[in-house]
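To start, the structure under review is shown below, and the notes come after it.
Quick note: the coordinates plus some simple rules give every number you see, no bench work behind them. Remember, it's a predicted structure, so these values are computed and weren't measured experimentally. In this analysis, Cβ positions are derived from the backbone assuming ideal geometry, glycine residues included, and neighbour counts consider all displayed protein chains.
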Amino acid sequence: MPFILGVDGGATKTLAVVGDDTGRILGAGLGGPTNYQITGIEIAMENLNSAVSTALGKAGINLDKLDYAVFGLAGADFPIDFQNLTAGIQDLYPDLKFEITNDTWVGFRSGTQEDYGGVVIAGTGANFAAAAPDGRKITGRGMGYEWGGEGGAGYLIRSTLHYAFRSNDGTGPKTRLEQVVLSLLEFESYDDLSLYMYQVQGKFSKIYMQAAAIVPAVFQLANEGDEVCMDILISLGQVMGDIIGRMIRTLGSWQEPQDIVMVGSLFTKGANPLLKDAFRLACHRFVPFARFKEPELEPAGGAFLMGLEKQGLPAKGKVRERAIATLGEMEIPGL
């Protein structure tokens with residue numbers, strides 16, 4: 001019986017799943033981040049191996065029993081990235097047959113069984129990808145604002161800090177973010193916060209957990225009527241909807257009914273609907289018959305289904321339904 005490994009590796013965590021050719025997910029393992037652009041290749045491979053080893057152990061399968069693997073990895077953006085990641089994985093698993101793809105594509109497969117459409121990942125960062133009915137594909141660079149992308153928690157945190165400072169300085173609208181940001185980041189004043197940001201060049205890696213707490217706070221304050229927070233969510237939704245809509249326009253398939261999959265915690269865990277509402281509206285300007293979907297299973301499950309496809313095995317219909325059901329029944333500590 002063929003066994004397939006599927007991996008979704010990002011800037012925050014990595015999930016690996018192992019399943020068989022009937023679509024049953026037999027084991028899953030969670031590890032640390034594997035975006036090697038952030039962690040470096042050594043730590044990324046350590047975290048990858050931890051997740052894979054746990055999944056194999058839960059499934060009761062030895063590595064040499066795997067027939068194929070698909071690694072959907074954030075940070076797989078440029079040819080040099082694929083070279084570095086391929087070398088790292090080959091060092092770990094010399095005999096394993098595998099494919100590396102950008103994590104957008106395993107996210108796409110997690111939300112639809114169609115072969116064309118679009119996907120937006122809005123987690124720690126953001127990335128975009130689209131496929132046309134004739135097989136042509138576009139994958140975003142995934143590198144951030146300077147490279148033509150935008151979105152994700154980083155965008156939201158930067159916007160929050162911008163308006164919190166302006167509220168404090170009297171140069172912008174008043175917002176409850178002014179108090180909440182200081183409280184969450186544990187600073188006494190904006191002078192203290194400003195000096196800290198200067199010293200660390202705007203990077204919050206040393207207080208990551210405090211900075212990450214800004215994200216749910218913005219959604220909650222929007223629920224409570226804070227206009228600045230509402231505007232931040234609307235702006236974030238608009239820019240992401242605009243990018244994926246224009247990407248599909250570039251492919252020329254914009255008049256086709258198609259699924260656009262919304263992946264990542266900002267879409268799936270955000271407690272206020274304004275971000276998704278603004279995203280859908282902006283996208284519909286360019287793709288009027290778009291259907292918006294959230295993942296039906298974890299993107300690692302999408303990687304597993306892609307692995308079945310790559311082996312010429314069925315991955316739709318009942319096989320997909322079985323993968324959704326069996327992965328959904330699993331308790332994965334930390335997920």
Open item on the list: Please give the Cα centre distance for the range 176-196 versus the range 279-300, rounded to the nearest Å.
Closed with: 36
Open item on the list: Let's see if you can work this out: charge +1 on each Lys and Arg Cβ, -1 on each Asp and Glu Cβ, no other charges. What is the dipole magnitude of the chain about its Cα centre, in debye to the nearest 20?
Closed with: 640
Open item on the list: Can you find, among 187, 254, 299, the residue sitting farthest towards the positive end of the charge dipole of the chain, where Lys and Arg contribute +1 and Asp and Glu -1 at Cβ?
Closed with: 254
TODO: For helix 274-284, report the angle its Cα long axis makes with the longest principal axis of the Cα atoms of the chain; keep it between 0 and 90° and round to the nearest 10°.
DONE: 70
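Antiparallel DSSP bridges in the range 1-111: what percent, to the nearest 5? Don't skip to the answer; put the middle values down first.
On the way: 13 of 24 bridges.
Rounded to the nearest five, the antiparallel share is 55 percent.
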Task: Theoretical ellipticity at 222 nm over the chain - DSSP helices of four or more residues, -39500 (n - 2.57) apiece, nearest 500 - done: -14500 deg cm²/dmol
Task: Phi-based couplings in Hz for the range 236-249 (Karplus 6.51, -1.76, 1.60; Gly and Pro marked x) - done: 5, x, 5, 5, 6, x, 5, 5, 5, x, 5, 4, 5, 4
TODO: Using only the Cα atoms, work out Rg/Rh for the chain, with Rh taken as the Kirkwood radius, to two decimals.
DONE: 0.99
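Mind giving me the FRET efficiency for residue 318 and residue 223? R0 is 30 Å, r the Cβ-Cβ distance, nearest 0.05 is fine.
On the way: r = 40 Å, r/R0 = 1.32.
So the FRET efficiency works out to roughly 0.15.
Mind scanning 203/276; 13/137; 269/318; 137/318; 58/97 and naming the pairs with a C-alpha gap bigger than 23 Å? Don't skip to the answer; put the middle values down first.
Numbers: 203/276 27 Å; 13/137 26 Å; 269/318 28 Å; 137/318 27 Å; 58/97 21 Å.
Table pairs above 23 Å Cα-Cα are 203/276; 13/137; 269/318; 137/318.
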TODO: Among DSSP beta bridges lying fully in the chain, give the percent that are antiparallel, nearest 5.
DONE: 50
TODO: Using just the alpha carbons, could you tell me how many Å³ per residue the convex hull of the range 291-333 encloses?
DONE: 87
Open item on the list: Once each part is reduced to its C-alpha centroid, what is the distance from the range 29-98 to the range 4-21 in angstrom?
Closed with: 9
- [ ] Specify whether the C-alpha gyration tensor of the range 237-335 places it in the rounded, prolate or oblate class, a ≥ b ≥ c being the square roots of the eigenvalues: rounded for a/c under 1.5, otherwise prolate if a/b is larger than b/c and oblate if not.
- [x] oblate
TODO: Give the angle, between 0 and 90 degrees and rounded to the nearest 10, that separates the Cα long axis of helix 299-310 from the longest principal axis of the Cα atoms of the chain.
DONE: 30
Open item on the list: Output the 0 to 90 degree angle, nearest 10, between the alpha-carbon long axis of helix 214-223 and the longest principal axis computed from the alpha carbons of the chain.
Closed with: 70
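How large is Rg over Rh for the range 37-146, taking Rg from the Cα atoms and Rh as the Kirkwood inverse mean of 1/r across Cα pairs?
Radius of gyration relative to Kirkwood radius: 0.98.
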